[in-house]
There are 2 protein chains.
Amino acid sequence: MNKKGQLIVISGPSGVGKGTVIQKYLASRDKIVYSVSATTRKPRPGEQHGVHYFFLSCEEFEQLAQQGGMLEYANYNGNYYGTPKAPVEQQRALGNDVVLEIDVQGALQIKKSCQDALLIFIAPPSFAELEARLVGRDTEDAKTVENRLNIAKQELKCAGEYDYVIVNDTVEQAIKRLEQVISANRYHKNNMKEFLDEVNQNA
Amino acid sequence: MNKKGQLIVISGPSGVGKGTVIQKYLASRDKIVYSVSATTRKPRPGEQHGVHYFFLSCEEFEQLAQQGGMLEYANYNGNYYGTPKAPVEQQRALGNDVVLEIDVQGALQIKKSCQDALLIFIAPPSFAELEARLVGRDTEDAKTVENRLNIAKQELKCAGEYDYVIVNDTVEQAIKRLEQVISANRYHKNNMKEFLDEVNQNA
């Protein structure tokens with residue numbers, strides 16, 4: 001049985017450690033891939049097309065979006081960023097789960113267009129802990145930290161719109177919770193429709 | 001932290017093996033209790049009040065139901081059967097999960113009155129397999145088996161209204177799935193509201 005893979009959308013504020021949780025989780029599993037975003041910004045040194053981003057021209061991006069070829073997209077500082085639909089659907093058709101690490105606005109777009117998407121928000125144990133992690137990074141100035149915390153406040157207000165909220169108190173605990181949520185979602189009614197149709201047709 | 005326990009409602013057709021799955025699952029876990037139903041039918045030999053059922057008079061049952069003291073109830077063959085609310089809420093307040101093994105009609109009543117209830121349907125791998133299990137029991141005559149299969153058909157049509165559908169192909173697999181679904185549900189947005197309120201208030 002080649003069951004369709006799940007579409008897993010993960011968001012969380014800057015500094016919550018979602019990148020580490022996701023990468024360690026992906027490394028421990030088969031049949032799950034990380035979705036590559038598309039953008040119209042120029043590649044930075046070392047960035048490869050199809051690996052870090054799909055680098056598109058503005059015309060290519062807009063045409064694709066107008067044709068319904070983007071699961072979600074937005075414009076930041078004059079550049080488009082988005083999730084191309086075709087590679088996601090190809091992977092899902094092969095039975096692979098696809099993980100999208102995107103911001104809150106993108107996640108809420110996907111919630112509307114893909115009813116079977118699984119939305120997971122990664123939250124800090126407390127706001128004070130998030131602040132401590134961002135300050136502790138020591139790579140950003142006070143103004144940048146303040147900006148990130150202001151964005152985090154807005155994002156945390158949307159967390160209740162996600163299906164699940166996972167607290168990243170320790171990376172190991174957060175990975176365990178992510179595993180439980182993703183495993184359980186295979187039995188969610190949205191993913192059992194085909195099975196139930198078949199049982200009912202033969203009853 | 002004494003987090004409120006979950007209300008877990010489990011249904012499934014006769015012969016699917018849900019009793020075995022639930023009992024083995026409960027035996028392997030702490031902080032989870034099985035809800036005792038109330039009924040107005042007379043106790044059978046060996047049945048104890050508060051263990052097998054709460055045995056109530058018709059007047060007691062109706063009064064409790066009218067006061068909103070039943071999470072769900074129904075009348076079968078002239079006897080009432082239902083789930084008293086108070087013991088369920090007491091256990092949940094202590095942080096214990098409560099499992100209700102009830103029929104489809106009762107489960108759908110609870111879905112309306114308890115938004116945070118977790119509804120799980122246990123399904124057979126196929127209808128033919130359910131038939132084989134019921135015939136294989138060898139304790140019921142052909143007419144009884146036919147009746148049970150007719151009821152099963154109706155119940156399976158409602159499975160898509162449950163949050164999760166777990167297939168009982170083997171007891172071990174079904175228990176593992178049940179464990180995943182119940183564990184994951186702790187992080188469901190419905191169960192994370194208090195946490196998110198606290199984080200947002202302190203942001």
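What's the total accessible area buried between chains B and A, using a 1.4 Å probe, rounded to the nearest 100 Å²?
Values: alone 11740 and 11740 Å², together 20770 Å².
In total, chains B and A hide about 2700 Å² from solvent.
Quick one: net charge around A:Gln6, please, counting Lys, Arg +1 and Asp, Glu -1 for every other residue with C-beta under 11 Å from its C-beta. It would help to have the intermediate numbers written out before the result.
Numbers: positive: A:Lys3, A:Lys4, A:Lys31, A:Arg92, A:Arg186; negative: A:Asp97, A:Asp116.
Neighbourhood net charge equals +3.
If amide H atoms are built 1.01 Å from N in the plane of the peptide, which residues on other chains or at least 5 residues away come under 5 Å of the amide H of B:Asp97?
Placed amide hydrogens put B:Gln6, B:Ile32, B:Val33 under 5 Å from B:Asp97.
How big is the stretch B:110-150 by the Kirkwood estimate over distinct Cα pairs, in Å? Before the final figure, lay out each step's value.
Values: mean 1/r = 0.0808 Å⁻¹.
About 12.4 Å, per the Kirkwood formula over Cα pairs.
Note down the Stokes-Einstein diffusion coefficient of the protein assembly as shown in µm²/s, whole number, using a Kirkwood radius over alpha carbon pairs, 10 °C, and 1.306 mPa s.
Answer from the Stokes-Einstein relation: 67 µm²/s.
Which is farthest toward the positive dipole end of the stretch B:145-203 among B:Asn147, B:Gln173, B:Gly160, measuring Cα position about the Cα centre, with Cβ charges +1 (Lys, Arg) and -1 (Asp, Glu)?
Comparing the listed Cα positions along the dipole, B:Asn147 ranks first.
First select every other residue whose beta carbon is under 13 angstrom from the beta carbon of B:Val171; then total the charges, Lys and Arg +1, Asp and Glu -1.
Neighbourhood net charge equals +2.
In this model, which of B:Lys31/B:Lys193; B:Lys111/B:Lys193; B:Lys18/B:Lys189; B:Lys4/B:Lys112; B:Lys112/B:Lys176 are farther than 25 Å apart at the alpha-carbon? Don't skip to the answer; put the middle values down first.
Values: B:Lys31/B:Lys193 21 Å; B:Lys111/B:Lys193 19 Å; B:Lys18/B:Lys189 27 Å; B:Lys4/B:Lys112 20 Å; B:Lys112/B:Lys176 28 Å.
Pairs exceeding 25 Å: B:Lys18/B:Lys189; B:Lys112/B:Lys176.
Taking the Cα centre of the protein assembly as shown as the origin, how large is its charge dipole in debye, to the nearest 20, when only Lys and Arg (+1) and Asp and Glu (-1) carry charge on their Cβ atoms?
About 240 debye.
Can you tell me the accessible area per residue over the protein assembly as shown, all protein chains present, probe 1.4 angstrom, in square angstrom?
I get 51 Å² per residue for this part.
Count, for each residue of B:185-198, the Cβ atoms from other chains sitting within 10 Å of its Cβ, then give me the mean as a whole number. Please report the intermediate quantities before stating the final value.
On the way: counts 4, 4, 14, 6, 9, 2, 2, 9, 3, 0, 6, 9, 1, 2.
What the average comes to for B:185-198 is 5.
Would you be so kind as to identify all helices of chain A, as entire DSSP H runs, whose Cα atoms reach 20 Å or more along the helix's own axis and whose mean Kyte-Doolittle hydropathy is at least -1.0?
Span-like helices here: A:142-157, A:171-185.
Seen from all sides and averaged, what is the projected area of the convex hull of the Cα atoms in the stretch A:48-203, in nm²?
12.4
With the full set of protein chains in place, find how many percent of the accessible area of the stretch A:61-185 is carbon and sulfur; take the probe as 1.4 Å.
48
Hey, got the dipole for chain A? About the Cα centre, +1 on K and R Cβ, -1 on D and E Cβ, debye to the nearest 20?
220
The values are calculated or read from the model by the stated rules, or taken from the named source; none is laboratory data. All values derive from a computational prediction rather than experimental measurement. Counting neighbours? That spans all protein chains shown, and the Cβs are built from the backbone with ideal geometry, glycine included. Ligands, DNA and RNA are stripped out before the accessible areas are found, and what is left, the full protein with its side chains, is counted by its heavy atoms. Shrake-Rupley method; radii C 1.70, N 1.55, O 1.52, S 1.80 Å.
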